[in-house]
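A short write-up of the structure that comes next.
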Amino acid sequence: MDGEGGSFGLAKSAAVKLSEMGERTKQLGSAMRDPHQQKRIILVIVCVALLLDNMLYMVIVPIIPDYLADLESEQSEHVHLVLHPNTSSANSTSQDKSNKDNLDIQIGVLFASKAILQLLVNPLSGTFIDRVGYDIPLLIGLTVMFVSTCIFAFAENYATLFVARSLQGLGSAFADTSGFAMIADKYTEEAERSRALGISLAFISFGSLVAPPFGGVLYEFAGKRVPFIVLASVCLADGFLLLTVIKPFSNRTRENMPVGTPIYRLMVDPYIAVVAGALTMANIPLAFLEPTIANWMETTMHSTQWEMGLTWLPAFFPHILGVFITVKLAAKNPHLQWFYGALGMVIIGASSCTVPACKTFGQLIAPLCGICFGIALVDTALLPTLAFLVDVRYVSVYGSVYAIADISYSIAYAMGPIVAGQIVHNLGFVQLNLGMGLVNVLYAPALLLLRNVCQMKPSYSERDNLLDEAPQGLYDTIKLEEVRAKKKGYSSSGNCLSVDENGFDPFRAQQSSGSDYT
């Protein structure tokens, strides 16, 4: 009897636990039906994906140079002993210098390969995202990043590391672009969109700055594989959360999804082109300083290894401050987004010019913090502006426009590891910084082109008449196109909306400010 009672108690306990799990599943399901909760969960998934991408981008900084140097040393010693067993020390020194130059080239190409492939794939990934939606490309990106991270963990030669780094660029082209596009689609109000994109930028900054010490410590005490295995595990968990919460393969709405504006049309849009140029110029100082500043510090300041390793860590806090300030200012004065971006570029330019004048590590922190603060202003102000421009000038599908933003970043970070070293070698570190600063200051007035666009609001009168509830981004666009087709008798082929259909013409607005469009 006691045995039967015990079995009954265990069965009852198991039933209670199953019931609790069922209740939690129901609560999660009801939370996902709530638009506000759904947006928050999607924001978490995207932010984790962006965090992982930037941690994987920067975690190799303290690992790969040392690891490749060990591989190069072992190979050169073996070849040297076999082919030249009796060479002199002078020849050995010359060989060591040649090996170091070769290693620097290998490291530069390895670091740039990610951005180069991302730059090549983004035009295709943007079009693909516009056609299939945002969730499946995000899952593809996370899957490729997971495979790339696993290859990094078990790679034992340069060729395998190069493949892993290039694969990361492929994954980033899908994950980053679809992530930003998904945020822009779900957060349709300007203030909410700026806040959500600002949060995602904070995660990017945190991932970039925490990854080098994270990778360096684990590499030192646990070996090369452990940092990548940890990142791969988090990537896998984020992928499972995406499958569980969003369920990308069960959403049938995409069958009627309007086709977004072709990326080549967005590229020739003068407003989008100005924003894309600003994003590239603003990120060039960071991309060019990352591979060159350590050698300059060692040569001019005789900095220690820990100082060179912590160079960018203090800059994390002004970057977060810049994001916070810009979000708050944009909520109060959304028509001044162009001004916040221009101000950020001036701050970046002034800070870049003062870097070569620094003589100590303490002095260097100030201009580096200024550069990151300015980048925060530019990114936080202009990324929502891209979505706004698509909303008021084209169909509200954001894959291609954020592919253009990703291309802008990739241009800077593809050139940085390869071009920056050559400029320093041929012209000098001072000339590099003065050139970057001057370019940013001179480009800032170009953002004046956006001043009238940012003052104009998209007309929601047609949406309010055709939709029963507030617009919710991409899928409201689908519904709007379907209702239009029924009421007006034309097919929603996904062609870009004309300016008159959106209620304004920014080009004429700049030519004659007295004109009124409805």
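A few comments on the model shown:
- Largest-first principal axis extents, alpha carbons of the range 96-252, Å: 58, 33, 31
- Model label sites at residue 124 and residue 366, defined 7 Å from Cα along the beta-carbon direction, differ in position by 4.9 nm.
- Per residue accessible area in Å² of the range 116-266, where ligands, DNA and RNA are left out and the probe is 1.4 Å: 40
- Accessible area per residue was computed with a 1.4 Å probe on protein heavy atoms; residue 302 scores about 140 Å².
- Carbon/sulfur fraction of accessible area - the range 254-353, other protein chains in place, 1.4 Å, %: 69
- Per-residue Karplus couplings for the range 150-158, computed as 6.51 cos²θ - 1.76 cosθ + 1.60 with θ equal to phi - 60°, are listed in order as 5, 5, 4, 4, 10, 5, 10, 8, 5 Hz, Gly and Pro entered as x.
- Both numbers refer to the Cα atoms of the range 289-406; Rg and Dmax are 17.3, 55 Å.
- Cα-derived Rg to Rh of the range 365-453, Kirkwood definition: 1.04
- Within-13-Å neighbourhood charge of residue 292 [Cβ basis; K, R +1; D, E -1]: -3
- Surface share of carbon and sulfur [accessible, 1.4 angstrom probe, percent] for the range 153-219: 73
- Long pairs among 332/359; 224/359; 247/332; 114/224, criterion Cα-Cα beyond 29 Å: 332/359; 224/359; 247/332
- Segments 394-400, 213-219, 152-158 sorted - mean Cβ within 10 Å per residue, highest first: 394-400, 213-219, 152-158
- Other residues lying with their Cβ under 12 Å from the Cβ of residue 326 contribute a combined charge of +2, Lys and Arg counting +1, Asp and Glu -1.
- Across the range 307-312, coupling constants 3J(HN,Hα) worked out from phi with the 6.51/-1.76/1.60 Karplus curve, θ = phi - 60°, read 5, 5, x, 9, 4, 9 Hz, and Gly and Pro carry x.
- Full-stretch length increase - residue 217, residue 44 - with 0.36 nm per residue and alpha-carbon distance subtracted: 59.6 nm
- The range 324-406, accessible area per residue, ligands and nucleic acids excluded (1.4 Å, Å²): 27
The values are calculated or read from the model by the stated rules, or taken from the named source; none is laboratory data. Being a predicted model, the structure only gives us computed values, none of them experimental. We place every Cβ from the backbone using ideal geometry, glycine too, and count neighbours over all the protein chains shown. Surface accessibility is based on the protein's heavy atoms, side chains included, excluding ligands, DNA and RNA. Shrake-Rupley method; radii C 1.70, N 1.55, O 1.52, S 1.80 Å.
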